[in-house]
Every structure is written in C-alpha cells, then in structure tokens.
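The values are calculated or read from the model by the stated rules, or taken from the named source; none is laboratory data. Bear in mind that the values here come from a model prediction, so they are computed numbers and not experimental data. Cβ coordinates were reconstructed from backbone atoms using ideal geometry, including for glycine residues, and neighbour counts include every protein chain displayed. Areas reflect the complete protein model, heavy atoms only, side chains present, ligands, DNA and RNA absent. Shrake-Rupley method; radii C 1.70, N 1.55, O 1.52, S 1.80 Å.
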Amino acid sequence: MQNINSYVFYISIICIASLLAQLSQMIAPKNGRNDGSLLLIASFVIITLPVALRYATGADYDNYVAFFEAIRDRGIHDPMVNQLEIGYLLLNYICVKLFDHAQSVFIIMAALTNYFFFKAMIYEAKKINLGIAVFVYGFTLYFWSFIIIRNMLGIAIIFYALRFIFERKLATYFFFVTIAVLFHYSLVIFYPLGILYVEKLKKYRIPLAILSVLLIPIIPTMITILGSGLSHVLSRFAAYTLPHLQVGIGKYTILCALPLIPFSIYYKKLKAYNGHISLYLSFYIISLVLLSFATSMTILSRYVYALWPSLIILFASFLHIFDHIIGQRKKFIVKSLVLSSIVSYGLVLIVFFVHNGTFYLVPYKTIFER
C-alpha cells in the first residue's frame, strides 16, 4: 500500500506541475501583473520539493550523505571523495561551512537542476507547449534525478546552454559546458558536439545522426578504445569502462524508439514550426543508439541521459503543428487525441521503468519522516 501511495504521489506531482505550467502559458499579463509567471513558479516549486526534501530515497542517497560527512569530518582531500568532480566537491564544502547538514546539498542541487531545466523550456516557450514540456520532463528525467544528481545538474546546464548555439555565441556555450563538466566529467562530449552544430554544419545534423546508427557494428570497439584512453587520464572513467560491449535492443529501447515514428512523419512540419528541431531530433536518435549499449557500459547511460532532454522539446513542439488544421472542431479533436497519446505514453514509460527492477524511489520519505 505504501508503494502504491508513492506511485500516486509521483504521478500527481508531475501532473499538477504540468497543469500549472500549461495555465501559466495561457494567461496573458494584465496591468503589469503576470499571474502566469506566478503559476510557473508554483510549478517549479511543486516539482522541486520532493527531490529536495527526500530522505533515504534513491539508489545513491546514502553515498551522497557519506560524501558530505567525509568532507565535513576529514576534509576535502579525504581519499573517499578525491575522485569526485571539482564542482560537486566545492558545493559540498560550501554546504559544510554554511549549513553543516547533508540535506542542504540535495536542496541546492534540486533547485539548481530544475532552475536550468525550466529556463531552457521557457526559452522555447513560444514554440512549445509548456505543460507538455514539464510533463515530459517529469516522466523522462524527474525520476532519474533522484539517483544521479551530479549528472542531472550537468545535463540541466547543457540543456540551458544550447540557446547559445542557436544564438551563435559559442564562447558562452563552451563556458557553460565547462561548468557542467565540473559536476560530471562525462559531459566533455558536448565540446565537440558544440562545434558540430554550428550554423555552417547544421544541414549535416540528421545525416550524421543516421550515420551513427549505421556505424553500430563498429561502435563497441571505438567506445572501448576511447574509454580505455580516458581511464588513464581520469581514473573515474575506469569504473565505467568494460572491455567488451554488447548491443541490447530490448523492450525498453524499442519503447523509447516509438516516438521516432510520428517525429519522422511530421518532421518537415516540426522543423517549419521550430527551426531548432533538427538538433533535438538528431540528439534523440544518437541517444537511442547509445541506449542499445548502455546495459554493457555504464558510462553510456550518462550520455543517454544527457541527450534525453531533446524529447522534452520534440513532444512539446509536436502538439503545436496541428494548430493550422482547418476548422476549430477538427483541431480540438486531433489535439486532444495527440495530448492523450503523449500522456498515455509517459505513464506507460513510468510503469515500465518501475517494473524494470531499477526503480529506487519507493517507498518515498521526506526529511520530516527520518
């Protein structure tokens, strides 16, 4: 019963936050007062607090508490934490000095992560449905953020930084990538990706993503060589590197690939409505390729997570392409069906993830129940 209550709690949190985000987009400012912004802030708070206030919830919760206590009791140079990223070490050190409580790290990480994700979604707000964006964020990333908080903050910063590629401000983009890398070294991959997606090369995005799919037979060897090299430079990579990779096109990969069907069918309309869509779609294609190998090399799952935010923009843009259907009645029916399909898909993905044996969020507890 406690687990069922937890499932209902998580899904309710996501749905309520999504509804508030949707309402915020529908309300126009009046007399200098923007009630829409207040609703969006409420959406942010609702989806952030469960992560920030959790207690003993998540696969790595005890490890993060142990890291904090090691820094507090034995200093930042303790062997237990010497392989952690510099940014995360520094954050723990600041929290030790200011708050002296491990929960402060979870609160700050949750707030920062959702701040950058919401900023990224707001940047695309004129081209996407914010309610769908928050919902998709919930079912694709919100659950994982409980167990990979360092990586998730880095991903959020990268997601936010993509705006600077669109605005051709590569120096600013690389600055934010550097900040992200300070929280998870795996995000160094976004340095070359930033170069690849400059304006002059944008026409090659989709072809290169498709090429990565065609290169599946030799990808294991390439990644093994790269991983071995990185493990000599950064010892932390050694824990993620395996000598042999295997392709695993399982049910979860197939389920995650299903959205490619409507995205491909309506690609031209998506691109006409949102010029950034080719970048997000190519990211999603690459993430599906990496997902095939993620079970045999842990580090690849970090790259999958890092590319997964593309799904937020893809789904949230998809709903808008039906705005120009002739006849309001037909438009309402079609958009209702599309919305129902997206929500149903998200719930199916959550249920599948729960029953896949990697769900560490139940039973849910807060710091007030310790």
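Among the residues of region 289-309, is any modelled with pLDDT of 80 or more, assigned to a helix (DSSP H, G or I) and either out of contact with any helix residue (DSSP H, G or I) (no Cβ under 6 Å at 6 or more places or on another chain) or under 29 Å from Tyr123 (Cβ atoms) (or both)? Checking region 289-309: not a single residue is modelled with pLDDT of 80 or more, assigned to a helix (DSSP H, G or I) and either out of contact with any helix residue (DSSP H, G or I) (no Cβ under 6 Å at 6 or more places or on another chain) or under 29 Å from Tyr123 (Cβ atoms) (or both). Exactly one residue out of Ala161, Ala66 is at pLDDT 85 or above and touching a helix residue (DSSP H, G or I) at 6+ places or on another chain (Cβ under 7 Å), and it is Ala161. Going through Phe118, Phe68 one at a time, which residue ends up being among the aromatic types (Phe, Trp, Tyr), more than 21 Å from Tyr160 (Cβ to Cβ) and open to solvent by less than 30 Å² (accessible area, probe 1.4 Å)? Just a single option satisfies the conditions, and that option is Phe68. Hey, among the residues in region 354-364 that are within 16 Å of Phe9 (Cα to Cα) and open to solvent by less than 60 Å² (accessible area, probe 1.4 Å), which one's modelled with the lowest pLDDT? Here the answer is Phe359. Just one of Phe135, Phe44 is in a helix (DSSP H, G or I), within 23 Å of Leu311 (Cβ to Cβ) and in contact with a Gly (Cβ under 7 Å, 6 or more places away or on another chain); which is it? Selected residue: Phe135, the only one of Phe135, Phe44 that is in a helix (DSSP H, G or I), within 23 Å of Leu311 (Cβ to Cβ) and in contact with a Gly (Cβ under 7 Å, 6 or more places away or on another chain). Is one or more of the residues making up region 170-177 within 18 Å of the chain's Cα centre (by Cα) and open to solvent by 10 Å² or more (accessible area, probe 1.4 Å)? Scanning region 170-177, I find at least one residue that is within 18 Å of the chain's Cα centre (by Cα) and open to solvent by 10 Å² or more (accessible area, probe 1.4 Å), so the answer is yes.
Kindly evaluate Tyr123 against the criterion of being of a type in the set (Ser, Thr, Tyr) and open to solvent by less than 10 Å² (accessible area, probe 1.4 Å). So Tyr123 does not fit the description; no. Among the residues of region 126-144, write down those that are at pLDDT below 85 and open to solvent by 10 Å² or more (accessible area, probe 1.4 Å). Across region 126-144, the qualifying residues are Phe139, Phe143, Trp144. Checked across region 260-273, the condition of being in a helix (DSSP H, G or I), at pLDDT 85 or above, in contact with a Leu (Cβ under 8 Å, 6 or more places away or on another chain) and surrounded by fewer than 19 Cβ atoms within 10 Å (Cβ to Cβ) holds for at least one residue. Cβ-Cβ contacts under 8 Å between residues 6 or more apart (or on different chains), taken from a first residue in region 82-105 that is on the phi < 0 side of the Ramachandran plot and of a type in the set (Ser, Thr, Tyr) to a second residue that is open to solvent by 20 Å² or more (accessible area, probe 1.4 Å) and in a loop (DSSP other than H, G, I, E, B), are listed as Tyr88/Leu182; Tyr88/Phe183; Tyr93/Ile76. Here Ala70 meets the list (1) part of a helix (DSSP H, G or I); (2) in contact (Cβ under 8 Å) with a residue 40 or more places away in the chain almost entirely, failing just condition (2).
Residue count for region 182-195 under the criterion of being open to solvent by 20 Å² or more (accessible area, probe 1.4 Å), assigned to a helix (DSSP H, G or I) and touching a helix residue (DSSP H, G or I) at 6+ places or on another chain (Cβ under 7 Å): the result is 4.
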